[in-house]
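Structure, as structure tokens:
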Amino acid sequence: MRYVLHYYPSPNSLKVIILLHELELEWEGRVVDLAAGEQLAPAFTAMNPNKKVPVLESSVGDVLFESGAILEFLAERNGNFLGANESERWQCKQWLYWQMSALGPVAGQAHHFRKFAPEKVPYGIRRYTDETNRLYGVLNQRLSLVPWLAGPYSIADMAVWPWLVHADWQGQSVADFPALSRWYQAMQSRSAVTAAWAAYPTREIAPEDYEVLLNQRADALKPS
Ligand SMILES: N[C@@H](CCC(=O)N[C@@H](CS)C(=O)NCC(=O)O)C(=O)O
């Protein structure tokens, strides 16, 4: 089985790249240039009507979007990183959904208001900086009880770590949270994480290049 990952150097893509390395799968990465609007092209929209990366294709015709679903799909198909028993599996899903519904969207808004918004909105900056800080505290509490989020290492850890590599964009410091720091370093010492990070092109994109990302409404969904 071979896979193609349509991605961009962003946390939601990095989590899938880590899992592809952990599972030692055969895969090829194709960068979708978001600033150039490649995610709006009909060929991409046919794979993901939500017009966002990542998207995974398999050599037998599977096409999936939403990074959490992609992580579950690959982990289930390969029988690894989901927890070893029923209780761990539910812990894994619980923390995965927490990342997808809380940490990702909130930290993403912190990136937006602190780094990319064309106007400085103090309420938005404060709201998302503080809520991200609270979520780091939630992680710290959990990780003071268990080595990894689900107990054993799982896709939940792979989903969360990429959101912490940009802690400075969120006005946070992982070092302020002792248990989280211990876990963060344990993540960094995994060879799959190192390999994923090494191949992850960091891009500094000027705010004006984000025009296409910041100004989409429903009419951006019309076929072009
Ligand atoms: N919930 C989605 C979020 C995907 C997402 O927001 N992707 C961003 C990059 S991190 C994107 O493709 N943005 C392009 C756009 O908004 O036009 C997932 O986890 O896959």
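The values are calculated or read from the model by the stated rules, or taken from the named source; none is laboratory data. Just so it is clear, the model here is predicted, and its values are computed rather than measured. Using ideal geometry, Cβ is built from the backbone for each residue, glycine included, and neighbour counts are taken over all protein chains shown. Heavy atoms of the whole protein, side chains included, go into the accessibility calculation; ligands, DNA and RNA do not. Shrake-Rupley method; radii C 1.70, N 1.55, O 1.52, S 1.80 Å.
Can you tell me the dipole magnitude for the chain around its Cα centre, using point charges on the Cβ only (Lys, Arg +1; Asp, Glu -1), in Debye to the nearest 20? Walk me through the intermediate numbers first.
Numbers: 20 positive and 24 negative charges, 101 e Å.
Rounded to the nearest 20 debye, it is 480 debye.
Grab the beta carbon distance between Trp169 and Val31, set R0 = 35 Å, and tell me the FRET efficiency rounded to 0.05. The calculated FRET efficiency here is 0.95.
Over the residues of the chain, the helix contribution to mean residue ellipticity at 222 nm works out to -14000 deg cm²/dmol, using -39500 (n - 2.57) for each DSSP H run of at least 4. Here the stretch 21-49 and the stretch 175-200 have alpha carbon centers that stand 25 Å from each other. Taken per residue, the accessible surface of the stretch 86-189 reaches 46 Å², heavy atoms only and a 1.4 Å probe. Calculate what fraction, in whole %, of the accessible area of the chain sits on carbon and sulfur atoms when a 1.4 Å probe is rolled over the protein chains. Carbon with sulfur: 52 percent of the solvent-accessible area. Summing Cβ point charges (Lys, Arg +1; Asp, Glu -1) relative to the Cα centre of the stretch 86-189 gives a dipole of roughly 180 debye.
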